[in-house]
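S.K.: First the structure, which I've put down as structure tokens, then a few questions once you've had a look.
The values are calculated or read from the model by the stated rules, or taken from the named source; none is laboratory data. All values derive from a computational prediction rather than experimental measurement. Positions of Cβ are generated from backbone atoms using ideal geometry, with glycine treated the same way; all protein chains shown enter the neighbour counts. With ligands, DNA and RNA removed, areas are computed over all heavy atoms of the protein, side chains included. Shrake-Rupley method; radii C 1.70, N 1.55, O 1.52, S 1.80 Å.
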Amino acid sequence: MGGRWRTVSLLFNRITSSSSLFKPRFPPPLSTNNRFLSFAASSAIPCSFDPDPTFGYEAPQDDQTVKIPVKAYFLCTSINLKGIQADNMRNVVPPSSRSSSNYVALRFCDFNPDYKGHAFHVKASSCRYMVVYQYGSAVLFNIEDHEVEVYLDLVKRHASTLLPEMRKDDYAVKEKPLLVEDMQGGPDYIVLKSLDTDGIRIIGSVLGQSIALDYFVSQVDGLVEEFAGINRGMEKTGTFTMDKKKLLQLVGKANSHLADVILKVGLFERSEIAWRDAKYAQIYEYLREEYEVAQRFGNLDFKLKFVEHNIHFLQEVLQNRKSDFLEWCIIGLLTIENVISFYEILRESNTIS
């Protein structure tokens, strides 16, 4: 009898302990001091029922992916980086390589991280970043559309030759801690295990170069169209009306665009961050291939060669015009000299007679 009651008691305890599995587990309350931290933390903490696996159910897999918007702008042809650093000393991210003289990275947080301590361990999704390049590009990370103008104003204060129409490109980075590979590509986004400051520098460098290259391609397209108009006029009239000064201005414009793309933008300079770590090299090569940087520069170079060919042709035409003018001047001077000589001969003959 005692053994049977002991068996019933044990069965009752098992049922009681099994029923506790159906109690919902709520996450602890989150602090609302930082909206980015709150979002990242809430996406990582589950709030759901956890059924007993013996009943044939599986616990749901939580999607911990965090999307970070990226916006690239090309707003001028030169930016004073020292001035930006002086105005935003508390926000400057220390450089991680020697080849960082043509850009400055800024971090904006709702909290004050210890820059001398764990600054590089702050999650990128918890702060807002802006990478500014000397040649005129600015790449913004984790900044919403209604906040963009505030951050761009920090750049415009130290910019020279602002463009009448600013160029923009949108991209996105997705943080997925459960990702097996180091990175994974997608349409207009890239998936990473985690986004750190070196990743921000790599992504910003390619996006900044791409948006700048887009501007210079449009400028060269304008030159091509101008020379196409000259050729169409020559086809109709057999001549063209362009002085040497205008032609030299076009030569200088074409050469300066090519020099800016190669020297200032640094389109073919290898990233030191990508050189040190294969993970960043993979991201760097993927983005350059995704944005077709080499192919677009090849098209730009082809257009510049077309412009160069037209410039040489027009220079030869102008030189021939100048040569013809000098020849006619020589012919005129010889004619005048002959007339004077003939007049003196006649005068001497009349004097003798």
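S.K.: K236: of a type outside the set (V, I, T) and more than 29 Å from Q295 (Cβ to Cβ), yes or no?
M.R.: Answer is yes for this residue.
S.K.: Is there a residue being out of contact with any Lys or Arg (no Cβ under 7 Å at 6 or more places or on another chain), assigned by the TED database to the domain that holds K279, within 30 Å of L248 (Cβ to Cβ) and among the aliphatic types (A, V, I, L, M) anywhere in the stretch 151-164?
M.R.: No, the stretch 151-164 has no match at all.
S.K.: Would you point out the residue of the stretch 201-241, among those that are aliphatic (A, V, I, L, M) and more than 19 Å from the chain's Cα centre (by Cα), that is farthest from G266 (Cα to Cα)?
M.R.: Per the criteria, the residue is M234.
S.K.: Taking the condition of being more than 19 Å from L207 (Cα to Cα) and within 19 Å of the chain's Cα centre (by Cα), how many residues in the stretch 163-184 meet it?
M.R.: 1
S.K.: OK, next. Being polar (S, T, N, Q) and touching a Phe, Trp or Tyr at 6+ places or on another chain (Cβ under 6 Å) is the filter here; which residues of the stretch 246-274 pass it?
M.R.: S271
S.K.: Something else about it: When the residues of the stretch 257-267 are filtered to those that are free of Cβ contacts under 8 Å to residues at least 40 places away in the same chain and over 15 Å from I211 (Cα atoms), which remaining residue is least open to solvent (accessible area, probe 1.4 Å)?
M.R.: Residue satisfying both the conditions and the ranking: A259.
S.K.: Among residues belonging to the stretch 297-353 that are under 30 Å from G266 (Cα atoms) and open to solvent by 100 Å² or more (accessible area, probe 1.4 Å), point out the one that is modelled with the highest pLDDT.
M.R.: Within the stretch 297-353, the match that is modelled with the highest pLDDT is F302.
S.K.: Now for a different question. Filter the stretch 278-292 for residues that are free of Cβ contacts under 8 Å to residues at least 12 places away in the same chain and either in the same structural domain as D170 (by the TED database) or open to solvent by 60 Å² or more (accessible area, probe 1.4 Å) (or both) and give the result.
M.R.: Listed by number, the residues that qualify are A278, E285, E289, E292.
S.K.: Which of the following residues is touching a Gly at 6+ places or on another chain (Cβ under 6 Å) and closer than 28 Å to F302 by Cβ: S210, S137, S218?
M.R.: S137
S.K.: Check whether at least one residue in the stretch 199-213 is open to solvent by 30 Å² or more (accessible area, probe 1.4 Å), at pLDDT 90 or above and within 20 Å of V131 (Cα to Cα), and report yes or no.
M.R.: So far as the stretch 199-213 goes, no, none of its residues is open to solvent by 30 Å² or more (accessible area, probe 1.4 Å), at pLDDT 90 or above and within 20 Å of V131 (Cα to Cα).
S.K.: As an exercise: evaluate W275 against (1) hydrophobic (A, V, I, L, M, F, W, C); (2) farther than 30 Å from E181 by Cα; (3) surrounded by 11 or more Cβ atoms within 10 Å (Cβ to Cβ) and give the number of the one condition it does not meet.
M.R.: (2)
S.K.: Let me ask you something else. Kindly list, by first and then second residue, each pair from a residue in the stretch 127-154 that is free of Cβ contacts under 8 Å to residues at least 40 places away in the same chain to a residue that is open to solvent by less than 10 Å² (accessible area, probe 1.4 Å) and part of a helix (DSSP H, G or I), limited to pairs with Cβ atoms under 9 Å and residues at least 6 apart or on different chains.
M.R.: Within 9 Å, the pairs are M130/L152; M130/V155; M130/G204.
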